[in-house]
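Note sheet for the following structure.
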Amino acid sequence: MFSCTTHRKPIKITGYPKLQQETTIKRKAIDPKFFSPYKTERNLVEIGDALEISIFGQSNTLSTVTVAPDGKVYYLFGVTVQGEGLYVEEISEQIKSKVLKLFNNPEVSVLPVKSTSSSFSIIGKVKSPGQYNLLSSLTLRQAVTQAGGLMDGVFRGTTIQVASLKKSFIIREGEAIPVDFHALIEKGDASQNIYVHPGDYIYIASGLSQEVYILGAVNAAYPAAYNDEMTIISLLSESGRGLNKDAYLKQVLIIRGDLQDPEVYEVNLEAILSGEEHDLYLQPGDIIFVPEKPYKFLAELTRLACNVFASSFGRRLGRDFSEDVLGLEDDR
């Protein structure tokens, strides 16, 4: 347990000793493997896949069918065939055998239009967030364009961009890829334009967010609504929050700004809690990371904090998106 009282008046972090940029984090180069385009494979059909079925030269035979939970494909004319675990050519042959009595030498076409195993998600401040099929090679910039581009807003009669590219990220297999979205979208930097792969999760952050984030060795790692009087102590004092027993309080980080090139402040939370140092006011978008052990190299600690932020809050946002937009149940 810890005390949330301190006799020292909170101060603004402005003027507080900021870690020297060269000792904190340098932009990490993107692994060349991320620039390899996704090659579509000849996949077996799965439950949930959508197939476009038609009979060549015959009107009123076009139908888009989703493979049912029982693995079956339910086509027109009362035709039911097995779908799950087969190739589209095999499904086509099954349907052909079923409609031979209705059509003379039918030529059945079965085309995949949606594959559950070949999709990526993009949410946040884009015009058409959602889950998209990855049917061919697609770059990250093209993926943003496919989602309608960045969302705009209106402020005092002027159109403004509401996305925060400096806090946006892409996650693949649970790890954040160090893409600089600002350089990619605003400057057209091709060195950041990686290829999208199935399962990728792209989050375009909001520039209007009024939240702060605390994670690491804490009891509740989730965003908190920002207010003008928010300090580290008041944040920890909120119901359900607090530090766990493994928290290392002498090397807490406050990360502000661009995730790829942040301002980083090292804070002795133990001294703040004991009243030896001033409590600190926070700003919207601040990330507070409480480590479980001391780190000799602060660059390593900063990279860890940024990656944990992207993966943990990315999963939370993705879960909310799945439940609220896609209508999927949380399987926790």
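Read the figures in this text as sums done on the coordinates, not as results from a lab. Computed from a predicted model, the values in this text were never measured in an experiment. Note that we place each Cβ from the backbone using ideal geometry, even for glycine, and neighbour counts take in every protein chain shown.
Over segment 50-114, what is the mean sequence separation of C-alpha contacts under 8 Å (at least six apart), divided by residue count, expressed as relative contact order in percent?
Across segment 50-114, relative contact order equals 38 percent.
A viscosity of 0.890 mPa s and a temperature of 25 °C, combined with the Kirkwood radius over C-alpha pairs in the Stokes-Einstein formula, give segment 153-285 a diffusion coefficient of 143 µm²/s. Electrostatic tally near ALA205: other residues with Cβ closer than 9 Å to its Cβ, Lys and Arg +1, Asp and Glu -1, net +3. Computed from backbone phi with θ = phi - 60° and the Karplus coefficients 6.51, -1.76 and 1.60, the 3J(HN,Hα) list for segment 130-135 is x, 9, 10, 6, 10, 9 Hz; x is used for glycine and proline.
Under 5 Å from the amide H of GLY285 lie the amide H atoms of GLU211, VAL212, each residue being 5 or more positions distant or on a separate chain, with H modelled from the backbone and absent for Pro and chain starts.
The value given for segment 106-209 is a Kirkwood hydrodynamic radius of 14.7 Å, derived from the mean inverse Cα-Cα separation. Note on segment 50-114: Cα Rg divided by 2.2 N^0.38 Å, N the number of residues, gives 1.00.
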